[in-house]
1. For the stretch 533-548, check the following and say yes or no: at least one residue is without any contact (Cβ under 8 Å) to a residue 24 or more places away in the chain and not in a strand (DSSP E or B).
2. If you go through the stretch 367-415, how many residues are at negative phi and assigned to a strand (DSSP E or B)?
3. Hey, among S527, S522, S543, which residue is within 20 Å of A489 (Cβ to Cβ) and touching a Ser or Thr at 6+ places or on another chain (Cβ under 7 Å)?
4. Please indicate, with yes or no, whether at least one residue in the stretch 165-174 is within 30 Å of P90 (Cβ to Cβ), of a type in the set (A, V, I, L, M) and crowded, with 17+ Cβ neighbours inside 10 Å.
5. What strands (runs of 3 or more DSSP E) completely inside the stretch 482-528 contain at least 1 residues that are buried (at least 24 other Cβ atoms within 10 Å of the Cβ)?
6. Among the residues of the stretch 350-369, write down those that are in contact (Cβ under 8 Å) with a residue 40 or more places away in the chain, surrounded by fewer than 20 Cβ atoms within 10 Å (Cβ to Cβ) and either closer than 20 Å to V589 by Cβ or of a type in the set (F, W, Y) (or both).
7. Which ones in the stretch 227-259 are part of a helix (DSSP H, G or I) and over 20 Å from V197 (Cβ atoms)?
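The values are calculated or read from the model by the stated rules, or taken from the named source; none is laboratory data. All figures in this text were calculated on a predicted structure; none of them were measured in a lab. All Cβ positions, even for glycine, are placed from backbone atoms using ideal geometry, and neighbour counts span all protein chains on display.
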Amino acid sequence: MAEDGELNQIGSLTASSGQCVRQTYRSCAHSRSLLDGLLGLRQGGILFDVVLLVEARPIKAHRILLAASCEYFRGMFAGGLRETHLTEIPVHGVTYTAMTKLLDFIYTSELELDLDTVQEVLVAATLIQIEDVIGFCCDFLFSWLDDSNILEVDKLADMFGLQQLGDKVHSYILRNIQTFSRTEVYRQLPPEKVFSVLNSDKLEVSSENEVYEAALHYHYKPEQVETDHVSLQENLRMLEAVRFCLMDKQVLQRLFGRLNQCPLKDLVSSALRYHEQELWQPVLQCPLTQPRSSYKCILCFGGMFSSGSLTENEDLFQVYHPSWGEWRTLVAGQAHRMSNQGIAVLNNFVYLIGGDKNTSGFRAETRCWRYDPRHNRWCSIKALQQQHADHCVCVLDGHIYAIGGRDYSNELECVERYDPYTNTWEYVSALSKEVYAHAGAVLDGKIYITCGRRGMAYLRETHCYDPQHNQWVDCAESPVERAWHGMAAVNGRVYVIGGSNDEQGYRRDVLKVACYSPGANSWSVVSPLQAGHGEPGVAVLGSRIYILGGRSHDKGNRMKYVHVYNTEEDLWEIGTAFKDRISGLAAGVVLLSRAVIDQAKTWEQRTKSSWEEADLDNSEDSSDD
């Protein structure tokens with residue numbers, strides 16, 4: 001009875017706290033152990049129940065493992081086919097060596113490949129439908145890909161419909177076009193594939209002149225091209241992929257002089273006219289004027305730095321791509337050192353509008369400039385009619401709007417609109433009241449501005465501009481007053497971030513982040529900033545908002561940190577910090593050409609270069625003495 005009682009007691013175990021007494025355990029080693037056990041059965045010749053006949057040679061296996069490993073064998077053994085009851089099954093279209101390697105993989109999860117067998121293994125894996133092995137073969141072939149075997153690999157990709165391998169071949173040609181286009185193999189590729197490469201935005205060239213040469217190399221041998229033994233009067237299809245507007249003007253002029261009247265001469269003539277109309281290039285954009293690049297970069301212009309900064313002493317600006325993990329610098333002639341400039345990106349050109357000329361005190365500016373990221377070049381455009389500082393700038397329907405601000409004598413309610421077709425500014429409907437230190441963003445064809453200051457008062461106001469009716473309307477007020485903040489529109493919502501106010505009787509950072517939904521005309525509050533950002537740069541890459549530097553009034557200093565808001569997950573991340581403390585940046589996102597990216601230097605490279613130039617100057621001074 002005691003034993004029974006003990007059994008009863010054990011059988012009725014309960015948790016006094018009412019906790020769940022059922023738990024699930026999982027062994028990480030079980031799948032490996034199971035595979036090792038099956039391999040042991042194979043090596044010991046135990047429990048085989050099927051024989052695959054490949055090239056009339058037997059390969060023994062376990063039916064259940066084959067069925068579990070891929071759709072081909074699952075359909076054969078569990079699909080009601082006659083092979084379900086056969087013990088010997090012929091397999092056609094594969095080699096014995098390849099099938100043995102596939103079975104090795106099925107039993108071990110490992111595969112050994114070499115150049116002698118990879119093609120037959122790929123054929124077998126494609127037939128048997130083992131995706132992992134197909135991927136391994138593609139990776140192996142790509143690791144050995146070069147100019148001598150690319151044609152064969154490309155044919156394999158086409159023959160078996162291997163998109164992954166075909167993409168790798170395409171990528172190889174994109175990266176090596178300058179050398180590969182000089183080979184005989186290049187001219188043996190199908191014309192549609194070569195045209196696809198030459199037409200790609202991802203083609204890795206330092207200038208469009210190289211694309212022109214690569215196009216000619218498909219029709220003529222390199223030595224013929226170099227000695228001008230080519231007939232440019234013919235209709236050479238590959239030349240249709242060349243973006244002549246991006247070629248050097250001098251090259252185009254020489255080419256134009258060589259040509260008799262033909263379609264190519266018309267293209268070159270059109271490109272020369274494009275070069276002559278530099279001021280109007282933003283409105284002449286088309287696919288054949290776009291830079292060959294997939295690098296969307298953040299550019300940061302101007303700002304106020306800590307004293308003694310290298311950036312403060314040179315006409316350079318900063319550039320960032322997430323893949324770099326660092327900020328780099330670019331130098332462009334006619335760059336202008338200012339802060340709090342209005343910035344607009346229109347058709348991949350950057351416009352800097354007004355701002356603070358703060359080299360000695362503060363002075364509001366009327367001057368405006370345009371930056372061409374394809375050639376790393378500035379030019380001036382028509383100045384504003386009114387000085388604008390602490391204003392905001394937005395792009396809407398192909399026009400640029402400069403809204404409000406101040407000129408340090410008066411606060412402004414006026415709004416100016418720039419027409420890139422005529423290079424002129426005109427006044428449009430003014431705000432109902434003056435405002436400065438506000439921010440703006442564009443969403444669904446309308447401009448939204450929020451907060452700012454009027455006199456010494458911090459505002460919560462929201463206003464919306466409708467270009468169809470040329471009028472401003474009031475919207476729901478923001479949850480918190482602020483000024484010198486940033487705004488961004490992402491996925492149908494407007495985010496208001498950073499800035500400062502004097503809600504507690506002294507100026508402090510605003511960490512609260514507000515989100516406006518135009519459809520509901522309502523505000524919500526999302527995850528707050530981790531630290532203060534007054535006068536920050538703001539840029540949007542994908543679904544992330546970058547808040548760049550700025551001034552923290554809580555800390556009493558400019559800051560070098562960067563915070564990144566993930567709008568999809570409502571999370572803040574730490575971004576790549578600047579090398580120096582900075583506020584008043586103008587930031588925007590553009591496609592940068594590879595040639596310009598190659599000019600970008602790290603801070604270490606820029607500093608070293610400055611030291612070397614200084615040493616050279618000192619040595620020249622010494623020699624003069």
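1. The answer is yes; a qualifying residue exists.
2. Just the residues of the stretch 367-415 that are at negative phi, to begin with: 367-375, 377-389, 391-396, 399-403, 406-407, 409-415.
Cutting the leftovers down to assigned to a strand (DSSP E or B) gives us 368-372, 377-381, 388-389, 392-396, 399-403, 406, 411-415.
Count: 28.
3. On the way: S527 fails: touching a Ser or Thr at 6+ places or on another chain (Cβ under 7 Å); S522 fails: touching a Ser or Thr at 6+ places or on another chain (Cβ under 7 Å).
The match here is S543.
4. So the first thing to find is which residues in the stretch 165-174 are within 30 Å of P90 (Cβ to Cβ), and the list is 165.
Next, from what is left, pick out any that are of a type in the set (A, V, I, L, M): 165.
Of the ones still in play, those that are also crowded, with 17+ Cβ neighbours inside 10 Å are 165.
The answer is yes; a qualifying residue exists.
5. Values: elements: 486-490, 493-497, 513-517, 522-526.
By residue number, 486-490, 493-497, 513-517.
6. Our first condition is that a residue be in contact (Cβ under 8 Å) with a residue 40 or more places away in the chain; within the stretch 350-369, this holds for 350-356, 358, 362-364, 368.
Add one more test, that the residue is surrounded by fewer than 20 Cβ atoms within 10 Å (Cβ to Cβ), and what stays is 358, 362-363.
Listed by number, the list holds a single entry, F362.
7. Going residue by residue through the stretch 227-259, those that are part of a helix (DSSP H, G or I) are 237-241, 244-246, 249-258.
Listed by number, the residues that qualify are K249, Q250, V251, L252, Q253, R254, L255, F256, G257, R258.
Let's see how each residue does on (1) loosely packed, with under 13 Cβ neighbours inside 10 Å; (2) at pLDDT 95 or above; (3) over 30 Å from I353 (Cβ atoms):
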| position | (1), (2), (3) |
| --- | --- |
| V242 | no, yes, yes |
| R254 | yes, no, yes |
| S306 | no, no, no |
| T311 | no, no, no |
| E314 | no, no, no |
| Y320 | no, yes, no |
